[in-house]
Amino acid sequence: MERIYRLLDWVDLAQAVDWLGKLTGSLVGEGELSKLVFSKQCDAYIQALGLKGYYINDEGFEVDVIGRGFQLVLGIETLRKADKKNGKPEKRRFSLEGARYEPDPYDNEITLVADYDYWEAITEDENGYPVYFKPADIEALAARINEVPEQPDTAQLEDLRLQLEQEKAAREAVEAELQGRRAQDGKRALVDMKNIFMHDHKEFVAMQERAEQAERMVTALDRQLTDYIEKIRAGDKLIEGLTQELRKRHSHERLPTQVTELVSGLYFPYATKQLEAMRDAALTHWKDHDRSKPAPYGIQKTVATFLATRTGENARKLAELAAAIKPDDLPKA
């Protein structure tokens, strides 16, 4: 089936799940693929089939349009949950990108106004809309999944941490024992030295040999103790690294939000998705614009599309954000 999938223009959800599972060798369900889509790892499309909606023109007004053909889904917002008891289906707002047509109220005809552009539609379709994927997108997603290395789970990390702690405790016990032996040998050597003056020459020579033997033993024990201490330090570093990893996995800790600096010199004490999108839109579309010239034709629509792609929000709100970052000192056209 894989060779057949590659020859198709589109694959539906069931085909995409089947193909992705075979390409990655993993158990992939519709839920997992949906999560990858909503985390922007893979594009998804729907068939408009005469779906009605609107877009915001350059003057900030809503214009009714009709979508046709496959539409890229930029975002889905649930406006009302389904109420089966009262017979109300789920109400959703789709943020789409694709071909849109403008209806003529006088002759019942429609006119293509954009081959590929942003628009929105609010639906109350009880059955929803089938989802489709491009074969190339599924292959690219499979390649990214296969590049992710296998990570040990939390239970494995916890077992390893316990093993390292047990080994650390055993090493500390050995270290304490070695230190005790070293102290005892040192005391014994001192006692022997005190008794030197109370014995004859033969006993002196014998005690001297024992003292030298004890010194050699202390040197050997000292070397063993040094080796064990180095091993314990290495084990402590490994335990510390694994402990930090476990804390990150359990608490999902996040780095503190840094202060965001805007192009105009303003500073915000935190960053949000909208602020970052507005900053990037200003850098992309307004930073290098000659302030002595009027705004380019259609710039507000372009900026709104840029913001929609970054935030996935509805066009009415994005038109306000697009107007907010437009320079104040531009001459009128």
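Side notes on the structure shown:
- Top-ranked residue of the stretch 41-65 - restricted to ones that are under 24 Å from Val11 (Cα atoms) and open to solvent by 30 Å² or more (accessible area, probe 1.4 Å), ranked as nearest to the chain's Cα centre (by Cα): Gln41
- Tyr116 satisfies every condition listed in (1) closer than 30 Å to Ala323 by Cα; (2) part of a loop (DSSP other than H, G, I, E, B); (3) open to solvent by 80 Å² or more (accessible area, probe 1.4 Å) except (2).
- All positions within the stretch 73-112 that are buried (at least 16 other Cβ atoms within 10 Å of the Cβ), over 33 Å from the mean Cα position of the chain (by Cα) and not charged (D, E, K, R): Pro89, Tyr101
- Breaking point among (1) of a type outside the set (S, T, N, Q); (2) part of a strand (DSSP E or B); (3) surrounded by 15 or more Cβ atoms within 10 Å (Cβ to Cβ), for Leu36: (2)
- Within the stretch 276-332, being acidic (Asp, Glu), open to solvent by less than 50 Å² (accessible area, probe 1.4 Å) and in a helix (DSSP H, G or I) holds for one residue alone: Asp280.
The values are calculated or read from the model by the stated rules, or taken from the named source; none is laboratory data. Since the model is a prediction, treat every value here as computed from it, not as a measurement. Counting neighbours? That spans all protein chains shown, and the Cβs are built from the backbone with ideal geometry, glycine included. SASA here: full protein model, heavy atoms, side chains in, ligands and nucleic acids out. Shrake-Rupley method; radii C 1.70, N 1.55, O 1.52, S 1.80 Å.
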